[in-house]
Structure formats: C-alpha cells, structure tokens
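A short write-up of the structure that comes next.
The values are calculated or read from the model by the stated rules, or taken from the named source; none is laboratory data. Model, not experiment: these values are computed from the prediction. In this analysis, Cβ positions are derived from the backbone assuming ideal geometry, glycine residues included, and neighbour counts consider all displayed protein chains.
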Amino acid sequence: MQSINPANGEKINEFPAWDEATLARALAATAAATARWQATSFAQRAEILRAAAAELRANNERYARLITLEMGKLLREAKGEIEKCALGCDFYAENAEAFLRDEPVATDAAKSYVAYQPLGTVLAIMPWNFPFWQVFRFAAPALMAGNTAVLKHASNVPQCALAIEEIFHKAGLPKDVFRTLLITSKQVERVIADRRIHAVTLTGSDIAGRQVARAAGAHLKKCVLELGGSDAFVVLDDADLDVAAAGGCLGRMQNAGQSCIAAKRFVLVDAIADEFLRRFRKVLEALRPGDPTKEETTLAPMARADLRAELHEQIEESIAAGARPLLGCKPLPGTGFHYAASILDNVQPGMRAYEDEFFGPVAIVIRAHDEADALRVANDSRFGLGASVWTGNSARGENFARQLQAGACFVNGIVKSDPRLPFGGVKDSGYGRELSVHGIREFVNIKTMWIK
C-alpha cells in the first residue's frame with residue numbers, strides 16, 4: 001500500500017498488507033470490545049465524539065496537509081474537509097440520542113414501542129477522494145448508535161486511514177472499538193463473510209458496489225451502498241448565466257472533478273447553450289493548475305496516474321465518436337498527474353461521455369431543445385446520485401427538481417452533503433442513506449417491543 005504524491009509522482013511511504021493472522025487478531029479484538037461499547041451511554045459516546053471534533057480542529061493544518069500529500073486535493077479544500085468532519089462529529093454527538101430514542105406506539109398492548117439498538121460491528125469500505133469525510137460520515141453515526149467499526153480504506157491513502165484511527169483513540173475511544181484494517185481488496189470478501197461482521201457500508205464505484213452487495217447478500221448482511229454518479233447540471237433559459245457558470249466551475253472542478261456528486265453532465269437548453277459555454281469557458285480558462293499546497297493553485301492534480309489515463313481514454317473514445325473538444329481534453333505536461341480543465345461538447349447517446357461516469361476535471365455538454373427535453377436528458381442515465389437545476393424562478397426549479405431521478409436535488413446550488421440531510425442515490429448510484437436521522441438508523445435493529 002503506497003502513498004504517492006499526485007503533485008509530483010514521488011513515493012511518500014508504503015505499508016505492507018496484513019497477513020491473515022494479523023487480520024484475525026484485529027477482528028477478534030473488535031468483537032471482544034463490542035458488548036462493552038454497546039453498554040456505554042449516549043453521553044459517554046458523545047463526549048468522545050466531541051473530543052474527536054476538538055482534535056480535528058486543533059490540528060486542522062496537519063490533517064489537511066496529509067490529505068493533500070496523499071490524494072492531491074487543494075490544501076484549502078482539505079482544510080474544509082477536516083472542518084466538515086468535526087461538524088459531523090458534533091452533529092451526532094448532539095442529536096444521536098434523540099434520533100434513537102424509544103418511540104411509543106399505541107396498540108392493543110399495555111405498552112408498546114419501537115426501540116433502536118446497535119447491530120454489532122460495521123465494516124466500512126471507503127474511497128480515496130474524500131479520505132477523511134467519507135470515513136467520519138459513516139463512523140460518527142455508527143459509533144454513536146453503539147456499533148463498533150472496522151475500516152478498509154483505499155490503498156493509496158493508508159496514512160489518512162491510520163491518522164483517523166489515531167484521532168479516535170486520542171479522543172478516548174477504546175482502541176478496538178474502531179480499527180483500520182490494512183488489507184487488500186482481495187481480502188474484503190473474507191471479512192464480509194466473517195460472523196463477527198454484522199453490516200457493511202461502501203462508498204465507491206458501481207462495479208465495487210455490485211461485488212460487495214453480492215458478498216453481503218450471500219451472508220445476509222445489511223448493506224448500504226453510496227456508489228458512482230453522473231450528476232446532471234441543468235441550465236434553463238431564464239438562469240443567471242454568470243451565477244450558473246461560477247457554480248458549474250465549482251461543482252465540476254473542485255477536488256479535480258473527483259467526486260461522486262460533482263456536476264458531470266451539463267444539460268443546456270438551446271436558447272442559452274452557446275452563451276453559457278462562452279462564459280463557462282472563460283471561468284475555466286482562469287483556473288491555475290499546480291502544486292495543491294500553494295494558495296495560487298486553483299486546479300488540483302488527479303489522484304493517480306492510472307485514473308488520469310482512464311479519463312483520457314474515455315475522452316478520446318468520445319471524441320472519436322463525434323464529441324467536440326471545446327477546452328483542454330488532454331493531460332498537462334510535467335511531473336505529477338495533472339489534467340487540463342476540459343469541456344467536451346456535442347455529446348450524444350452511445351458515447352462513453354454520455355453513458356459512463358467521468359471522474360476528473362471534464363464537463364460533458366449535452367444540448368436539449370427545451371425544458372421538457374432537458375428533464376428527459378437529465379433522467380436518461382443509469383446513475384441517480386445528485387442533480388442540480390439553474391433557473392431565475394425558484395418555484396420552476398423546485399417543480400423541475402421534484403421530477404429528477406436522483407437522491408439529492410439542488411436548485412441554484414451545487415450538490416453537496418450536509419449532516420442534517422440524508423445522502424444517497426437511486427438506480428446504479430446505490431441504496432440506503434447516510435447522514436441525518438435516516439443515516440444513523442441504517443445500522444440499528446429497529447425492534448418492536450410489546451408488553452401485555
């Protein structure tokens with residue numbers, strides 16, 4: 001497991017994968033800690049989560065730099081990610097007890113209610129693109145619910161994985177209640193099958209989701225999948241084009257476009273398409289690629305060489321099929337894994353740009369005749385994670401958004417996750433929800449209690 005700096009391609013560190021004996025000891029230790037953790041009170045758990053939030057804030061710079069060094073995110077974006085993790089800890093420390101409080105129900109019993117009780121140990125399989133937030137997004141509610149947790153993080157961010165474990169331990173969490181497993185992808189199915197694992201959560205590609213769902217299903221394990229997305233960014237004829245262009249730049253180019261909920265498919269009605277693209281191109285041309293630790297850099301490198309190569313292959317195949325490169329659409333010279341901010345116009349059904357998820361800094365442009373056609377195009381995707389619509393009439397936007405086939409729909413704003421709102425998708429973007437009250441109830445036993 002290697003840490004490689006995406007800005008220059010240099011190896012930072014490497015860690016050997018655990019053998020089966022080391023893995024077995026870790027799982028046994030977590031299993032032994034589960035009953036003790038479930039016996040703690042909400043107040044005790046909340047104290048630890050608040051301490052974790054304090055640790056994140058006190059060392060924001062340190063943890064943010066680790067993110068940037070391992071996966072290339074702009075340092076200021078990494079700092080924002082660390083703060084978001086702290087907010088997530090605070091949110092569940094404050095609200096978990098109310099979310100999981102017994103709910104009385106009037107029946108023919110003398111007393112009946114719904115109780116929410118922890119399942120046991122949750123295995124989390126997490127990606128590299130938000131290496132702290134994706135983990136805290138699952139861990140904060142899972143731990144507050146009384147579950148223990150084991151983490152299989154992406155193999156290119158092992159130092160982030162170990163740092164997260166360290167944060168929880170510094171906050172007072174018993175050592176074996178949260179463990180990072182330094183294992184390979186080939187070992188995951190064996191962990192899912194282990195009787196000491198009670199549920200699985202994955203954030204990753206739809207391909208990985210199918211593999212994990214298959215393994216979890218074979219052993220009847222509860223599973224939550226937050227998978228890929230190809231979010232529609234719909235611009236209607238009455239939109240403020242400068243606001244939409246700025247939103248499109250942020251929605252597509254932050255994290256070098258490497259986000260499940262990035263704006264990927266720019267669905268533009270004919271009446272404003274050319275003018276929007278003129279303004280959008282101008283905004284993208286102002287981006288400055290470079291060292292992500294430098295303040296002047298506004299476009300980060302991609303995380304790995306293979307990811308950049310795959311993106312370029314998708315673009316080249318789409319161009320060969322008739323798509324038109326309007327800006328960029330090529331790797332940048334020099335060291336590291338930099339790719340130009342790109343616009344790919346005239347994308348049509350059947351092209352890879354139309355059908356697949358593009359995980360990098362390229363905006364895919366699909367033109368629509370009018371609002372009705374834009375809705376059709378936006379929903380013409382096997383993905384359904386998020387979507388946004390841009391219009392001068394918020395009521396019109398809300399009506400449009402209600403018809404979008406996605407788990408999160410935003411009007412005049414980029415799609416983002418918020419601890420107060422549920423997060424997840426439909427179709428090939430997965431199932432189940434994270435965050436809010438819905439997320440913490442995914443990994444509990446929703447138990448009926450009836451007393452005569």
Checklist entry - So which of Ala149, Ala154 ends up being among the small types (Gly, Ala, Ser), closer than 25 Å to Glu70 by Cα and assigned to a strand (DSSP E or B)? => result Ala149
Checklist entry - Restricting the search to segment 284-314, which residues are of a type outside the set (D, E, K, R), in a loop (DSSP other than H, G, I, E, B) and either touching a helix residue (DSSP H, G or I) at 6+ places or on another chain (Cβ under 9 Å) or not assigned by TED's automatic domain parsing to the domain that holds Met351 (or both)? => result Ala286, Leu287, Pro292, Thr293, Thr297, Thr298, Ala300, Pro301, Met302, Ala303
Checklist entry - Which pairs have Cβ atoms under 6 Å, sit 6 or more apart or on different chains, and link a residue in segment 425-450 that is within 12 Å of Pro118 (Cβ to Cβ) and modelled with pLDDT of 95 or more to one that is small (Gly, Ala, Ser) and not in a helix (DSSP H, G or I)? => result Ile440/Ala145; Glu442/Gly432; Phe443/Ala199; Val444/Ala145; Lys447/Ala115
Checklist entry - When segment 257-280 is examined, which residues are found to be among the charged types (D, E, K, R) and either in contact with a Lys or Arg (Cβ under 8 Å, 6 or more places away or on another chain) or within 26 Å of Phe383 (Cα to Cα) (or both)? => result Lys264, Arg265, Asp270
Next on the checklist: Being over 30 Å from Ala395 (Cβ atoms), in contact with a helix residue (DSSP H, G or I) (Cβ under 6 Å, 6 or more places away or on another chain) and surrounded by fewer than 19 Cβ atoms within 10 Å (Cβ to Cβ) is the requirement here; does Gly217 meet it?
Outcome noted: no
Checklist entry - Restricting the search to segment 14-40, which residues are in contact (Cβ under 8 Å) with a residue 24 or more places away in the chain and under 14 Å from Ile197 (Cα atoms)? => result Leu23, Ala26, Leu27, Ala28, Ala29, Thr30, Ala31, Ala32, Ala33, Thr34
Checklist outcome for this item: Here, strands (runs of 3 or more DSSP E) confined to segment 182-237 with at least 2 residues that are assigned by TED's automatic domain parsing to the domain that holds Thr148 and more than 24 Å from Val362 (Cα to Cα) are 199-203, 222-226
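Conditions (1) buried (at least 23 other Cβ atoms within 10 Å of the Cβ); (2) assigned to a helix (DSSP H, G or I), marked per residue:
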{"site": "Gln44", "(1), (2)": "no, yes"}
{"site": "Glu55", "(1), (2)": "no, yes"}
{"site": "Ile67", "(1), (2)": "yes, yes"}
{"site": "Glu70", "(1), (2)": "yes, yes"}
{"site": "Glu77", "(1), (2)": "no, yes"}
{"site": "Gly80", "(1), (2)": "no, yes"}
{"site": "Glu97", "(1), (2)": "no, yes"}
{"site": "Ala106", "(1), (2)": "no, no"}
{"site": "Val122", "(1), (2)": "yes, no"}
Next on the checklist: Within segment 318-403, considering only strands (runs of 3 or more DSSP E) that don't extend past its boundaries, which have at least 3 residues that are of a type outside the set (Lys, Arg) and surrounded by fewer than 21 Cβ atoms within 10 Å (Cβ to Cβ)?
Outcome noted: 324-327
Checklist entry - Can you name the condition, by its number, that Gly9 falls short on among (1) surrounded by 13 or more Cβ atoms within 10 Å (Cβ to Cβ); (2) on the phi < 0 side of the Ramachandran plot; (3) not in a helix (DSSP H, G or I)? => result (2)
Checklist entry - Does Pro174 fit the bill of being surrounded by fewer than 24 Cβ atoms within 10 Å (Cβ to Cβ) and under 26 Å from Arg420 (Cβ atoms)? => result no
